[in-house]
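Please read the structure below before turning to the comments.
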Amino acid sequence: MDIAVIGAGTVGRALASTMVRAGHAVWVSDVDGETAKATADATGATTAGSNRSAADAAQVVVLAVSFDAVGPVLDELGRAVEGKIVVDVTNRMDPQQLDGTSNAEATAALVPAAHVVKAFNTVLAARQADPVVDGVQLDGFVAGDDEQAKQAILDLVASMGFRPIDAGGLIMARALEAMAMLNIRLNISNGWPWQDGWKLVGPTG
């Protein structure tokens, strides 16, 4: 799969490394070209000259940026995402922001000609780079309204070493973002080392 990872910070680097390891072609871009190059060099990805050029080359565009940067990034990408899969990885950091909506739905409203899918947001960066904890394969939850787009990302998640879990339509991004918030707050409150992850246990078929 040809994938553009927009954002070369901790999350972008973790996802790019796992995607490259799984055999995908990955282009990395960032507002800071040196950061993009450093991430590409470290992960085996290819540096893109701009966010737009990364998206032009890809089937899947991964938004590994803060949510407040999503609007400007999508403005820059313009028609490059039309008909493509856009993966929203973003989370909110303040519990007061949990207002019954989701970042993913807001992203979908900005790019109605793209297929927005929520994925990877429930996984901390350390586990995006390594989806196994104490020998346990972590779950990769995916939500989206377009079934073909969602299946493509479920396949991507599986190729990266996660157990893929179809969470339903994009509205379920509200639950996924709340799950992420819970994990973030637990790590902050308890001084945990940001190494844990979600695993649904029991007879799941």
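The values are calculated or read from the model by the stated rules, or taken from the named source; none is laboratory data. Everything quoted here is computed from the prediction, not taken from an experiment. Glycine gets a Cβ as well: all are built from the backbone with ideal geometry, and neighbour counts include every protein chain shown. Ligands, DNA and RNA are stripped out before the accessible areas are found, and what is left, the full protein with its side chains, is counted by its heavy atoms. Shrake-Rupley method; radii C 1.70, N 1.55, O 1.52, S 1.80 Å.
Observations on the structure shown:
- Among the residues making up the stretch 29-46, a single one is buried (at least 24 other Cβ atoms within 10 Å of the Cβ), in contact with a Gly (Cβ under 9 Å, 6 or more places away or on another chain) and in a loop (DSSP other than H, G, I, E, B): Asp30.
- Scanning the stretch 71-87 for residues that are in contact with a strand residue (DSSP E or B) (Cβ under 6 Å, 6 or more places away or on another chain), free of Cβ contacts under 8 Å to residues at least 60 places away in the same chain and closer than 14 Å to Gly7 by Cα yields one hit, Val86.
- Cross-chain or 6+ apart pairs with Cβ under 7 Å, the stretch 117-144 first and farther than 17 Å from Gly9 by Cβ, then part of a strand (DSSP E or B) and acidic (Asp, Glu): Lys118/Asp88; Val142/Asp166
- For the stretch 65-82, the set of residues classified as over 11 Å from Asn51 (Cβ atoms) and small (Gly, Ala, Ser) consists of Ser66, Gly71, listed by residue number.
- Subset of the stretch 50-59 that is of a type outside the set (Ser, Thr, Tyr) and modelled with pLDDT of 95 or more - its residue that is surrounded by the most Cβ atoms within 10 Å (Cβ to Cβ): Ala54
- Residue list for the stretch 6-28, filter: open to solvent by 50 Å² or more (accessible area, probe 1.4 Å) and either part of a loop (DSSP other than H, G, I, E, B) or in contact with a His (Cβ under 9 Å, 6 or more places away or on another chain) (or both): Gly23
- Being surrounded by 16 or more Cβ atoms within 10 Å (Cβ to Cβ), modelled with pLDDT of 95 or more and part of a loop (DSSP other than H, G, I, E, B) holds for only one residue in Trp192, Trp198, and it is Trp198.
- Residue within the stretch 105-114 that is closer than 23 Å to Ala45 by Cα and in contact (Cβ under 8 Å) with a residue 12 or more places away in the chain present: no
- Within the stretch 49-65, not a single residue is in a helix (DSSP H, G or I), β-branched (Val, Ile, Thr) and more than 15 Å from Lys84 (Cβ to Cβ).
- Hey, Val62 open to solvent by less than 20 Å² (accessible area, probe 1.4 Å), more than 16 Å from Ile153 (Cβ to Cβ) and within 14 Å of the chain's Cα centre (by Cα) or not: no
- Considering the stretch 156-171, and only residues there that are in a helix (DSSP H, G or I) and under 15 Å from the mean Cα position of the chain (by Cα), the residue that is surrounded by the most Cβ atoms within 10 Å (Cβ to Cβ) turns out to be Leu156.
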